[in-house]
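K.L.:
To start, I am sharing the structure in question, which I have written as structure tokens.
The values are calculated or read from the model by the stated rules, or taken from the named source; none is laboratory data. Keep in mind the model is a prediction, meaning the values are calculated, not measured. Positions of Cβ are generated from backbone atoms using ideal geometry, with glycine treated the same way; all protein chains shown enter the neighbour counts. Surface accessibility is based on the protein's heavy atoms, side chains included, excluding ligands, DNA and RNA. Shrake-Rupley method; radii C 1.70, N 1.55, O 1.52, S 1.80 Å.
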Amino acid sequence: MIIEEINILRQHGWQFIPDPRTAVVPAPFRGRPEIQDKVSLEVQQELYDLCPVAAIGMNPLSIDLGKCYFCGECAMAHPEAIQFTNDHRLATNERKRLIVAAGDTHGIELDPNKIRKEITAMFGRSLKLRQISAAGENSHEAELNACGNVNFDMGRYGIEFVASPRHADGIVITGPISQNMAEATEICYHAVPDPKIVVLVGSDAISGGIFAGSGALNRSFLDKVSIDLYVPGNPPHPLTFINGILALSRSRQ
């Protein structure tokens, strides 16, 4: 047990994060992928067929992080074509920015021009969020819980999860939104006072993930609202969520 703890410490360093805005996640964490420019059609087809969640596109070869489960199978099968970096800054406010194409080496960012002015004006110093597990499988919820622990401590920025939507400034949805949770999700959204934000956390919430197309889902609620932040991952790292929320709420300060 002591040897295991020493190995964890050597790999991850001290667990307390002095500043989440500058923290680096060490390997073997899988973050933003990088794809080589010239990949044969044969390899592209192999990778396309390999992906269990249809996250890989062809011509050009690309990975949709809104669908990707970050299993790493593609990189293990063809490391000459795809490599995952340790860049954890994956959150954005534009769905199309989650598609990483061949040759893309720049980081994923938010479009500051698409951030509503009331978000930074009202939530720049204090942001209370109501988390909704819409048929989530608990890993995403666990990582969101970790955002407020002593290691990451997002409460230092005035960002906290609250129990009641009446006390919240927005909702954070995890899970693919099942039929049984569709109405509850919409009721919770309407219970939050205006103005409010909507955040989708994890591949299941963003695209339906491996459950996409299932008759057990009802994602029609997402067609009725504007999404302010997409946080990809399966599950996302706490630093991915924290830095995404900070970029959204404080980008103009």
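K.L.:
List, please: which pairs have Cβ atoms under 6 Å, are six or more places apart or on different chains, and start with a residue in region 52-72 that is farther than 23 Å from ALA27 by Cα and end with one that is buried (at least 18 other Cβ atoms within 10 Å of the Cβ) and of a type in the set (Lys, Arg)?
P.N.:
Within 6 Å, the pairs are VAL53/LYS67.
K.L.:
Does region 74-99 hold any residues that are in contact (Cβ under 8 Å) with a residue 40 or more places away in the chain, closer than 20 Å to PRO28 by Cα and among the aliphatic types (A, V, I, L, M), and which are they?
P.N.:
The answer is ALA75, ALA81, ILE82, LEU90, ALA91.
K.L.:
Would you check which residues across region 232-253 are farther than 12 Å from GLY202 by Cβ and open to solvent by 10 Å² or more (accessible area, probe 1.4 Å) and list them?
P.N.:
ASN243, LEU246, ALA247, ARG250, SER251, ARG252, GLN253
K.L.:
Here is a follow-up. Are any residues in region 215-231 in contact with a helix residue (DSSP H, G or I) (Cβ under 6 Å, 6 or more places away or on another chain) and either polar (S, T, N, Q) or open to solvent by less than 10 Å² (accessible area, probe 1.4 Å) (or both), and if so, which ones?
P.N.:
ASN218, PHE221, LEU229, VAL231
K.L.:
List every residue pair whose Cβ atoms sit under 9 Å apart, with the two residues 6 or more apart in sequence or on different chains, where the first one lies in region 20-43 and is under 11 Å from ASN59 (Cα atoms) and touching a residue at least 24 places away in the same chain (Cβ under 8 Å) and the second, anywhere, is charged (D, E, K, R) and open to solvent by 90 Å² or more (accessible area, probe 1.4 Å).
P.N.:
That search, which allows pairs on different chains as well, returns VAL39/GLU80.
K.L.:
Return yes when GLY72 is touching a Lys or Arg at 6+ places or on another chain (Cβ under 7 Å), at pLDDT 95 or above and more than 24 Å from ASP228 (Cβ to Cβ) and no when it is not. Steps first, answer last, please.
P.N.:
Details: touching a Lys or Arg at 6+ places or on another chain (Cβ under 7 Å): yes; at pLDDT 95 or above: yes; more than 24 Å from ASP228 (Cβ to Cβ): yes.
Considered against the rule, which asks whether it is touching a Lys or Arg at 6+ places or on another chain (Cβ under 7 Å), at pLDDT 95 or above and more than 24 Å from ASP228 (Cβ to Cβ), GLY72 comes out as yes.
K.L.:
Of the residues in region 117-139, how many are part of a helix (DSSP H, G or I), of a type outside the set (Lys, Arg) and farther than 15 Å from GLY244 by Cα?
P.N.:
Residues of region 117-139 part of a helix (DSSP H, G or I): 117-123, 139.
Cutting the leftovers down to of a type outside the set (Lys, Arg) gives us 118-123, 139.
Now drop any that are not farther than 15 Å from GLY244 by Cα, which leaves 118, 121-122, 139.
So the answer is 4.
K.L.:
Moving on. Can you name every residue in region 43-56 that is touching a strand residue (DSSP E or B) at 6+ places or on another chain (Cβ under 7 Å) and not β-branched (Val, Ile, Thr)?
P.N.:
In the first step, residues of region 43-56 are kept if they are touching a strand residue (DSSP E or B) at 6+ places or on another chain (Cβ under 7 Å); the result is 47-48, 55-56.
Scanning region 43-56 gives LEU47, TYR48, ALA55.
K.L.:
Could you tell me whether ASN86 is polar (S, T, N, Q) and at pLDDT below 95?
P.N.:
On the way: polar (S, T, N, Q): yes; at pLDDT below 95: no.
Spelling it out, it is not the case that ASN86 is polar (S, T, N, Q) and at pLDDT below 95.
Listed here are the residues, each with its yes/no results for (1) of a type in the set (S, T, N, Q); (2) out of contact with any strand residue (DSSP E or B) (no Cβ under 8 Å at 6 or more places or on another chain); (3) touching a residue at least 12 places away in the same chain (Cβ under 8 Å); (4) open to solvent by less than 30 Å² (accessible area, probe 1.4 Å).
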residue: ALA135; (1), (2), (3), (4): no, no, yes, no
residue: ALA142; (1), (2), (3), (4): no, yes, yes, no
residue: GLY148; (1), (2), (3), (4): no, no, yes, no
residue: ILE173; (1), (2), (3), (4): no, no, yes, yes
residue: GLN179; (1), (2), (3), (4): yes, no, yes, no
residue: GLU183; (1), (2), (3), (4): no, yes, no, no
residue: LEU200; (1), (2), (3), (4): no, no, yes, yes
residue: SER203; (1), (2), (3), (4): yes, yes, yes, yes
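K.L.:
Let me confirm something: among ALA163, ALA212, which residue is touching a Lys or Arg at 6+ places or on another chain (Cβ under 9 Å), over 30 Å from VAL150 (Cα atoms) and open to solvent by 50 Å² or more (accessible area, probe 1.4 Å)?
P.N.:
Values: ALA163 fails: over 30 Å from VAL150 (Cα atoms).
One residue alone meets the criteria, ALA212.
K.L.:
Which condition from (1) out of contact with any Pro (no Cβ under 8 Å at 6 or more places or on another chain); (2) surrounded by fewer than 20 Cβ atoms within 10 Å (Cβ to Cβ); (3) at pLDDT 95 or above is the one that ALA191 breaks?
P.N.:
(1)
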